[in-house]
1. Computed FRET efficiency, Cβ-Cβ of A:Leu2 and B:Lys297, R0 51 Å: what is it to the nearest 0.05?
2. Quick check on packing: order B:228-241, B:111-124, A:8-21, A:49-62 by the mean number of other C-beta atoms within 10 Å, highest mean leading.
3. For the stretch B:215-318, with every protein chain kept in place, what is the accessible area per residue (1.4 Å probe, Å²)?
4. Using the Cα centre of the stretch B:215-318 as the reference point, and only Cβ charges (+1 on K/R, -1 on D/E), how large is the resulting charge dipole? Debye, rounded to the nearest 20.
5. Across every pair of different alpha-carbon atoms, what Kirkwood hydrodynamic radius in Å does the stretch B:152-283 reach?
6. How big is the B/A interface in buried accessible area, both sides summed, 1.4 Å probe, to the nearest 100 Å²?
7. Using 27 Å as the Cα-Cα cut-off, could you pick out the over-long pairs in A:Lys81/A:Lys168; A:Lys134/B:Lys2; A:Lys152/B:Lys41; A:Lys134/B:Lys297; A:Lys52/A:Lys161; B:Lys169/B:Lys214?
8. For A:Lys49, which lysines qualify as cross-link partners when the Cα separation must be under 17 Å and same-chain residues fewer than eight apart are set aside?
Amino acid sequence: MLIREAQRGNRAAFEELVRHYDQAVLRLALHLTGTEQDAQDVYQDAFLKAYKNIGNFRFECSFYTWIYRIVTNLCLDHLRKRNVRKEDAPVAKDASGGEYDLLDQVADVRAGANPERDLLRRQLGARIAGALEKLTPRERMVFELKHYHGLKLRTVGEILKTTEETAKNTLFRATQKLRGALADMR
Amino acid sequence: MKCEWVRENIVLQVYGELADDARYELEQHVARCADCAAELKAEQEFHALLAQDRAADPLLTDPSPNLLAASRMRLQEALETAKQGSFWSRLAFDPANWLLQMKFSPTLAAAILIIGFLGGVGTMREISRPTTTAALPNTPTPTPVPTEASITGISSIVQEPGTNQISIKYNTVSTQEAQGSLNDQKIQQLLLYAARNNYNTGVRFDSVDLLAQKSGDTQVREALIYALQNDTNPGVRLKSIGALGNYVKDDTNVRDAVLRALVNDTNSGVRIEALRLIEPVKADGSVRGVLMALAAKDQSTYIKSQARTMLAQLPEID
């Protein structure tokens with residue numbers, strides 16, 4: 001009903017639709033882009049695109065899948081662009097040769113009561129972030145949607161306009177690469 | 001069963017994506033094969049490692065309410081100027097859908113015919129029925145309490161001089177007006193909405209000005225903190241920080257927000273007001289840390305010297 005209203009140009013209905021999905025969208029964008037500014041840009045572009053094209057939505061898939069398709073495409077573009085300009089990032093190499101972002105190492109002024117544990121947590125976080133960066137944009141996306149958002153692989157396939165089987169294979173490759181990169185952490 | 005198949009499907013097993021029969025077969029195989037059992041254990045350990053990081057990483061939790069509200073506000077402003085694709089452009093750019101829809105044409109024609117027939121019968125009955133509603137007295141309908149989702153914008157806020165009556169014009173699909181005192185729940189709801197979401201600076205300023213009278217309320221204080229941190233207009237931020245002044249001592253959220261404004265705000269008036277407000281709590285550890293940073297390298301000479309003066313008044317820490 002809300003979708004029909006939004007398709008008729010009712011902005012209030014569209015904004016209500018936005019409120020149903022925007023927290024999940026922002027969370028996905030925040031984790032994939034890594035900064036609040038970039039996440040806000042993806043959020044903005046995704047919903048503006050949805051607003052302009054909602055007339056083309058034909059109920060052939062769920063609205064959830066449709067909106068996620070828009071967001072994941074924007075995030076994939078973002079990841080591809082970031083891969084191109086990665087050389088400029090303030091990265092360093094750790095003992096095992098893995099790259100990590102120097103900005104992640106800046107001390108948090110509100111660190112917890114146990115500095116040693118906090119340091120280990122930060123190192124683990126930096127290593128996992130570094131390993132995720134090594135995945136191809138598509139592997140990263142499948143892993144993100146499956147592992148962090150808990151979506152079924154069939155839904156992941158629908159969102160990325162591919163088959164469940166391909167999503168399975170991509171997930172397998174992604175976890176193999178991650179396990180290899182983080183083998184010494186276990 | 002081949003070990004290769006098991007290893008390819010262990011990841012699906014861990015994510016609960018295997019069908020019941022395949023899962024049963026995999027479990028049977030793992031019970032017999034030491035190599036595959038080790039592989040399953042390694043996969044589970046890898047997931048435990050990720051879960052450990054997930055619990056600690058703020059990026060993996062839900063975005064903060066402030067970030068969400070700021071994103072919504074930005075989107076709302078952009079939607080003001082955005083236009084939806086027209087009906088004709090949809091036809092022009094999506095010929096595949098024409099073909100798809102042609103498949104349903106006979107059904108659609110039959111449905112239109114039935115609806116037309118039923119509509120005609122209904123209209124005839126309506127015309128032939130004697131009209132009685134016109135004689136009813138014209139009773140006013142109560143204004144429904146607006147829900148945040150149905151409000152598209154607030155166009156004006158006016159307080160009648162010498163009274164506690166506030167008049168707010170707000171838009172849903174069409175403009176509506178609500179009246180009441182500051183204690184009225186509907187009025188408070190609209191003011192909170194205006195402080196966070198409106199694109200008109202004057203309206204945001206008026207709402208923050210009125211909310212300042214209710215800063216004892218936690219929800220109102222959150223809205224004032226939001227305005228202090230996110231509003232683009234320095235006047236609105238200054239009004240918000242003034243309203244929060246009484247709570248710097250007792251409310252740590254307010255204190256943190258004031259400290260953030262002191263460090264990050266682009267307007268020197270807001271920063272100087274923040275510096276004045278933290279004076280009573282300058283002995284607090286977090287405040288002292290900020291003062292030391294400002295005293296060392298702030299761009300504003302006034303703030304740098306004030307921070308030094310405040311630090312000099314504090315007892316030394318061993």
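1. Working: r = 52 Å, r/R0 = 1.02.
For A:Leu2 and B:Lys297, the calculated efficiency is 0.45.
2. On the way: B:228-241: 20.6, B:111-124: 10.1, A:8-21: 17.8, A:49-62: 15.3.
Descending mean neighbour count gives B:228-241, A:8-21, A:49-62, B:111-124.
3. Details: 5340 Å² over 104 residues.
On a per-residue basis, 51 Å².
4. On the way: 13 positive and 13 negative charges, 68 e Å.
I would put it at about 320 debye.
5. Details: mean 1/r = 0.0665 Å⁻¹.
Every distinct Cα pair counted, the radius reaches 15.0 Å.
6. Values: alone 21270 and 11770 Å², together 27810 Å².
Summed over both sides, the interface buries about 5200 Å².
7. Working: A:Lys81/A:Lys168 25 Å; A:Lys134/B:Lys2 30 Å; A:Lys152/B:Lys41 23 Å; A:Lys134/B:Lys297 39 Å; A:Lys52/A:Lys161 21 Å; B:Lys169/B:Lys214 21 Å.
Over 27 Å Cα-Cα: A:Lys134/B:Lys2; A:Lys134/B:Lys297.
8. B:Lys83
The values are calculated or read from the model by the stated rules, or taken from the named source; none is laboratory data. Since the structure is predicted, the reported quantities are computational estimates derived from the model, not experimental observations. Methodologically, a virtual Cβ is constructed for each residue, glycine included, from the backbone with ideal geometry; neighbour enumeration extends over all protein chains shown. Just the protein is used for accessible areas: all its heavy atoms, side chains included, with ligands, DNA and RNA removed. Shrake-Rupley method; radii C 1.70, N 1.55, O 1.52, S 1.80 Å.
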